[in-house]
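The values are calculated or read from the model by the stated rules, or taken from the named source; none is laboratory data. From a predicted model like this one, the values you see are computed outputs, not experimental measurements. With ideal geometry, Cβ positions are generated from the backbone for all residues, glycine too; neighbour counts draw on all protein chains shown.
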Amino acid sequence: MKIYTRTGDKGETGLFAGGRVGKNHVRLHSYGTIDELNSVLGLAATSTTRAEILMPLQRVQADLFSVGADLATPVDAKPKWLVRVSSEMVEQLERDIDGWQAELPALKNFILPGGGPSGAYLHLARTVCRRAERWLTELSTQEDVNPAAQQYVNRLSDWLFVLARYANFLDDRDEMEWLPSH
């Protein structure tokens with residue numbers, strides 16, 4: 001497979017189901033930030049050997065390829081090969097969150113991002129996920145988007161927050177509470 005095509009040399013890129021848009025189009029910001037998030041999750045995965053963290057991370061990394069493909073394809077396009085984000089994917093994130101929270105101490109205050117390396121990388125991923133959600137929200141004001149994709153990205157930021165806490169819990173790393181300075 002040839003890596004370069006030269007078709008984007010003038011600042012445009014092709015969408016999955018056809019058509020071209022500028023590389024500064026909000027759609028590209030949306031799925032480009034999902035790609036960035038996936039890379040940060042890859043970094044997070046290098047910081048642990050715990051299967052309880054790695055297995056769900058790898059599943060979500062695979063899911064993010066579907067999210068990116070969904071966002072790179074206008075909703076009215078119906079290519080047979082495309083896997084759209086589904087409500088089942090959102091529900092899986094919710095099951096994960098509920099399971100981890102059952103093991104964690106109750107959260108009584110805001111916490112500062114950090115802890116151990118895994119927790120810190122997952123907090124970083126959460127912030128990238130929030131940026132992706134902002135781009136996706138902007139895209140949804142301009143074009144129709146798959147509602148399940150929006151739900152997935154929204155839930156994923158919660159998932160990443162709880163997974164960061166869970167990673168710190170498993171690694172016996174303290175969470176620093178935010179104490180407002182007056």
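Could you tell me whether any residue of the stretch 57-69 is in a loop (DSSP other than H, G, I, E, B) and of a type in the set (A, V, I, L, M, F, W, C)? Lay out the reasoning, then the answer.
As a first pass, look at the stretch 57-69 and keep what is in a loop (DSSP other than H, G, I, E, B): none.
Within the stretch 57-69 (the criterion being in a loop (DSSP other than H, G, I, E, B) and of a type in the set (A, V, I, L, M, F, W, C)), the answer is no, since none of the residues qualifies.
Give me the pairs: first residue in the stretch 77-89 and in contact (Cβ under 8 Å) with a residue 60 or more places away in the chain and in a helix (DSSP H, G or I), second residue surrounded by 14 or more Cβ atoms within 10 Å (Cβ to Cβ) and not aliphatic (A, V, I, L, M), beta-carbon distance under 8 Å, and six or more apart or on different chains, which are they?
Close Cβ pairs (under 8 Å, with a partner that is surrounded by 14 or more Cβ atoms within 10 Å (Cβ to Cβ) and not aliphatic (A, V, I, L, M)) amount to Ser87/Gln151; Met89/Asp63; Met89/Ser66; Met89/Tyr152.
Write out, first by first residue and then by second, each pair whose Cβ atoms fall under 9 Å of each other, whose residues are 6+ apart or on separate chains, and whose first residue, in the stretch 153-182, is farther than 30 Å from Ser140 by Cα and touching a residue at least 12 places away in the same chain (Cβ under 8 Å) while the second is assigned to a helix (DSSP H, G or I) and of a type in the set (Phe, Trp, Tyr).
Arg165/Trp100; Tyr166/Trp100; Ala167/Tyr121; Phe169/Trp100; Glu175/Phe169
Of everything in the stretch 104-150, what is aliphatic (A, V, I, L, M) and closer than 18 Å to Leu64 by Cβ? Give them in sequence order. Can you show your working first?
Initially, the stretch 104-150 is screened for residues aliphatic (A, V, I, L, M), giving 104, 106-107, 111-112, 120, 122, 124-125, 128, 132, 136, 139, 145, 148-149.
Scanning the stretch 104-150 gives Leu122, Leu124, Ala125, Val128, Ala132, Leu136, Leu139, Val145, Ala148, Ala149.
Quickly run through the stretch 155-172 and pick out the residues that are surrounded by fewer than 18 Cβ atoms within 10 Å (Cβ to Cβ) and either in contact with a helix residue (DSSP H, G or I) (Cβ under 6 Å, 6 or more places away or on another chain) or over 14 Å from Pro105 (Cβ atoms) (or both).
If the condition is that a residue be surrounded by fewer than 18 Cβ atoms within 10 Å (Cβ to Cβ) and either in contact with a helix residue (DSSP H, G or I) (Cβ under 6 Å, 6 or more places away or on another chain) or over 14 Å from Pro105 (Cβ atoms) (or both), then Asp158, Asp171 are the ones that fit.
From the set of residues in the stretch 1-47 that are at pLDDT 95 or above and assigned to a loop (DSSP other than H, G, I, E, B), which is nearest to Val67 (Cα to Cα)?
Thr46
Restricting the search to the stretch 108-154, which residues are surrounded by fewer than 20 Cβ atoms within 10 Å (Cβ to Cβ) and not in a helix (DSSP H, G or I)?
Once the filter is applied, which keeps residues that are surrounded by fewer than 20 Cβ atoms within 10 Å (Cβ to Cβ) and not in a helix (DSSP H, G or I), the stretch 108-154 yields Lys108, Asn109, Phe110, Ile111, Leu112, Pro113, Gly114, Gly116, Glu143, Asp144, Asn146.
Can you give me the number of residues within the stretch 155-181 that are over 18 Å from Trp100 (Cα atoms) and outside any loop (DSSP other than H, G, I, E, B)? Full working, then the answer.
Residues of the stretch 155-181 over 18 Å from Trp100 (Cα atoms): 176-181.
Those left that are additionally outside any loop (DSSP other than H, G, I, E, B): 177.
So the answer is 1.
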